[in-house]
1. Just tell me which aspartates and glutamates come within less than 14 Å, Cα to Cα, of Lys108; anything on the same chain fewer than 8 places away is out.
2. From the phi angles alone, apply the Karplus equation (6.51, -1.76, 1.60; θ = phi - 60°) to segment 132-139 and give each ³J(HN,Hα) in whole Hz, x where the residue is Gly or Pro.
3. With springs connecting C-alpha atoms under 10 Å apart, model the chain as a Gaussian network and identify which of Val132, Val193, Val89 has the largest mean-square fluctuation.
4. Report, ordered by chain and residue number, the lysines lying within cross-link reach of Lys114, taken as a straight Cα distance under 17 Å and ignoring same-chain residues fewer than 8 apart.
5. Given points 7 Å out from each Cα along the Cα-Cβ axis, report the Ala182 to Met1 separation in nanometres with one decimal.
6. Can you give the helix-only mean residue ellipticity at 222 nm for the chain, where every DSSP H stretch with n ≥ 4 adds -39500 (n - 2.57) and the sum goes over all residues, rounded to the nearest 500 deg cm²/dmol?
7. Lys212 to Glu155: FRET efficiency via 1/(1 + (r/R0)^6), r the Cβ-Cβ distance, R0 30 Å, to the nearest 0.05?
8. Where q = 0.07, 0.13 Å⁻¹, what log10 of I(q)/I(0) comes from the Debye formula for segment 2-213, counting one point per Cα?
Amino acid sequence: MLVAPSLLSCDFAKMGEEIVRIDRAGADLIHLDVMDGHFVPNITIGPSVIKALRPYTRLPFDVHLMISDPLSYIDAFADAGADYITFHVEADSDIDAAIEKIRSRGVKPGIVLKPKTPAEAAFPYLDKVDMVLVMTVEPGFGGQSFMADMMPKAEKLRAEIDRRGLSALIEADGGISEKNAAVTSSAGIDVVVSGTGVFRASDPAAAIKAIKNA
């Protein structure tokens, strides 16, 4: 299992230092949450911040777009240094067009499902994406409690990906820590996003190791 600490839970006054700290602690990816205040009721960072953070690590940047029109911003985030760009199937942009645009920029595309969106909504795109992100909280704010009832959705995705012999990773995001990581692993999750579970831990390296061991 790979661990992608979410910068949403870091000290925003020291973001560069926080990335270095979490890199040294054993993170596999850096998860960056982008919110526009429209698709979700919160505003976070944009491409200029991601570009400024890019020199602090060689770890892949996993950029999660919680915005209404992701297609219009793909170039900006690709230029900023994103390695993965995931966007919501519930957003306004044409899904196929957004996937193709991301791929054309040499970035790995992914789609995201809100808690109320069924696994089947991702099925038509599983052969076109590198990642499917299952939200285990309502998107918009960090620090929420993990929704264990999202695991059957992950299991459906895992079964369909395996049945078709595809290679898309399944990622889970929201309320995940060493306490519930085993549940996500059992459901077939490949990558877990952990914000407070890592950044607020007294020993981030131990927290990351515990999640992986789970």
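None of the figures in this text is laboratory data; all of them are computed from the coordinates on show. In this text, all values refer to a predicted model and were calculated from it rather than measured experimentally. A quick note on method: Cβ atoms are made from the backbone with ideal geometry, for glycine too, and the neighbour counts reach across all protein chains shown.
1. Asp62, Asp75, Asp79, Asp83, Asp96, Glu100, Asp127, Asp130, Glu171
2. 10, 9, 9, 6, 10, 8, 6, x
3. Val89
4. Qualifying lysines at Cα under 17 Å: Lys153, Lys156.
5. For Ala182 paired with Met1, the spin-label model returns 1.0 nm.
6. Numbers: 8 runs with 67 residues, N = 214.
Roughly -8500 deg cm²/dmol at 222 nm, from the helical runs in the chain.
7. Numbers: r = 21 Å, r/R0 = 0.68.
The formula returns an efficiency of 0.90 here.
8. -0.18, -0.65
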